[in-house]
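Derivation of every value follows stated rules applied to the coordinates shown; laboratory data play no part. From a predicted model like this one, the values you see are computed outputs, not experimental measurements. Here the Cβ is made from the backbone with ideal geometry for all residues, glycine too, and neighbour counts use every protein chain on show.
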Amino acid sequence: MNKKHYEEFDILKGFGIIFVFLGHSFILKGIDLTEYSLWNKYIYDTIYSFHMPLFFFVAGFLSNKNYGIKKFYISKIKRLAIPYIFINIIDCIVRKIFSNLVNTDKITIKEILLYGGKTTWFIYTLFWLFILFPVIDKYIYQRKNTIYFILFLMLINIFDFKLFNMKIFSLNKILYYLIYFSIGYLLKDYYLEIKEKVIKNKKILIIFIIVFLFQRYFSFKIPLINLLIPVLGTIIFLILSEMIKEKSIANFFIFCGKNSLVFYLLEGFVLVIVRSALIKIVPIEQNILFVSLYFILKILIVSIIIKYFINKSKILSFLLGNKI
């Protein structure tokens, strides 16, 4: 049975990867532009309050409930493991050759195999989460224990149990992001009803946005709020995705969303080139102009590479986990 395709989730992933690019535009090699203005700091903190949980939420929602174990694991190896290994091999070579342009010039096999590499922690964490998925699905999701599981994960993260703070195989990240993956998975069964009552309701959107924009002033004092803010941010942009999906601008976000994995894998290489060139042209003191140009150029260059090179090559598409 074919999965129903929800175009708003392509758009949502598009929003997510754009926020990744924007968030990375505030931190240069040895320079933190969030220290240059409160506005920079506010934007940066707001982005980082929800943008990565958003991807795990989408991954949970899009996870197929009708799968064969063998086919499932093969698809994850093709989609995640092969791109992860390939991009880290390239990363090792680039860091060695251009060591003067990067923050750290060495990456070890141990880091790649056990800890997620330098910049590829997301794909590493998602891969291991999917390795565990059939077991979690069988003994938790299918037995209707998802809500209790989410509450259990929240307690682990709120009290920061040291036993669960293991970085090997990204276990600490898995125990955190499983909250949002599970919420996305749980939402699947009720999505059409929620869509009618919440996602298409503009009044709810306004209330959510007001709460979200001011959340940083109180969330840090209440751990539970910190865990729920990513859900609020994700819902806001899911509502916005639904609102714009019939408009022409949606095509750009759909392109970014469908190619979000490749955007993620290529950004680290492009940002080094753009940063090195831009820093010689635009003074850091003009930080708003610098961040804007840095962000736009990265998006533009990676979009061109994907559209005219990656998506036209079966080999590159395969190595970078892109669906063609």
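Any chance you could run the full-extension gain for I109 through Y308? It's 0.36 nm times the residue separation minus the Cα-Cα distance, nm to one decimal.
68.4 nm
What does the highest-first list of 280-289, 256-265, 144-153, 119-128 look like by mean Cβ count within 10 Å?
In descending order of packing, they fall as 256-265, 119-128, 144-153, 280-289.
Note the listed values (1) 20.4, 66; (2) 19.8, 59; (3) 21.2, 71, then indicate which one is Rg and Dmax of the Cα atoms in Å calculated from this particular structure.
So the structure-derived entry is (2).
For the stretch 108-210, with the dipole built from +1 on Lys and Arg beta-carbon atoms and -1 on Asp and Glu ones, taken about the Cα centre, which of L153, Y191, Y141 lies farthest toward the positive end?
Of L153, Y191, Y141, it is Y191.
Would you pull out the residues with amide H under 5 Å of L320's amide H, same chain only if 5 or more places away, H placed 1.01 Å from N?
For L320, no residues qualify.
Considering Cα pairs under 8 angstrom that are at least six residues apart, work out the relative contact order of the stretch 163-255 and quote it in whole percent.
RCO, the stretch 163-255: 22 percent.
Once the dipole of the chain is set up with Lys and Arg at +1 and Asp and Glu at -1 on Cβ about the Cα centre, which of L80, I296, F181 lies farthest towards its positive end?
L80
Report the label-to-label distance for N66 and F214 in nanometres (one decimal), using points 7 Å from each Cα along the Cα→Cβ vector.
4.7 nm
What list of ³J(HN,Hα) couplings, whole Hz, do you get for the stretch 81-94 from phi and the Karplus terms 6.51, -1.76, 1.60, once you set θ to phi - 60° and write x for glycine and proline?
Working through the residues one at a time gives 5, 5, x, 4, 5, 4, 5, 6, 5, 4, 4, 4, 5, 5 Hz.
Spelling out what I want: for every residue of the stretch 29-45, take phi, set θ = phi - 60°, compute 6.51 cos²θ - 1.76 cosθ + 1.60 (Karplus), and round to whole Hz; glycine and proline get x.
With coefficients 6.51, -1.76 and 1.60, one gets 6, x, 10, 10, 6, 5, 7, 7, 7, 5, 5, 4, 5, 5, 4, 4, 5 Hz.
Taking H placed 1.01 Å from N in the peptide plane, check which residues at least 5 places from I31 or on another chain put their amide H under 5 Å from its amide H.
Under 5 Å from the amide H of I31: no residue qualifies.
What are the ³J(HN,Hα) couplings of the stretch 274-282, residue after residue, when phi is run through the Karplus curve with 6.51, -1.76, 1.60 and θ = phi - 60°? Round to Hz, x for glycine and proline.
Each residue's phi maps through the Karplus curve to give 5, 4, 5, 7, 5, 5, 8, 9, 9 Hz.
Quick one: which residues, 5+ away or cross-chain, put their amide H under 5 Å from the amide H of G117? H built at 1.01 Å from N.
I112
Where does the charge balance sit around L319 when Lys and Arg score +1, Asp and Glu -1, over other residues with C-beta under 12 Å from its C-beta?
+3
Assuming R0 = 22 Å, what is the FRET efficiency of F159 and N201, from their Cβ-Cβ distance, to the nearest 0.05?
Calculated value: 0.05.
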